[in-house]
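Okay, structure first, notes after.
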Amino acid sequence: MSISSTGLSRDERKGRLAGAANPARGPPLTVSVRRACALLDVGATTLWAMIKNGEVATIKIGRKRLIIYSSLEKLVSSADDKQGGS
């Protein structure tokens, strides 16, 4: 028997991390690379290519790379606009 993985920790799946959206506070400022992959439904290689191409904005705190959440929203919004939006 195999168990499929979402690539997220138990806390991430249950939305208990600081990077999880909280309706009372609004969307998070940043999310982890892993969380951004899950939100966009893309693999890490694809996301890192998007970062390298400047499609997704990031910041680095210490050794940790964080994705600026608003850049993900802009990416999805621009893709939606190009496809005619629904």
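Just to confirm a number: summing +1 for Lys and Arg and -1 for Asp and Glu over residues other than T30 whose beta-carbon lies under 13 angstrom from that of T30, what do you get?
Net of charged neighbours comes to +4.
Residue ranges 55-66, 36-47 sort as 36-47, 55-66 when ordered by packing (mean number of other C-beta atoms within 10 Å per residue, highest first).
The residues packed around A57, meaning those with a beta-carbon under 13 Å from its beta-carbon, carry a net charge of +2 if Lys and Arg are +1 and Asp and Glu are -1. Let me know the Kirkwood hydrodynamic radius for segment 26-72, please, with Cα pairs as the basis and the value in Å to one decimal. That comes to 10.6 Å for segment 26-72.
Net charge near L47, counting Lys/Arg +1 and Asp/Glu -1 over other residues with Cβ under 13 Å of its Cβ?
+2
No value in this document is a laboratory result; all are computed from the given coordinates. From a predicted model like this one, the values you see are computed outputs, not experimental measurements. Note: ideal-geometry Cβ built from the backbone for every residue, glycine included; neighbour counts use all protein chains shown.
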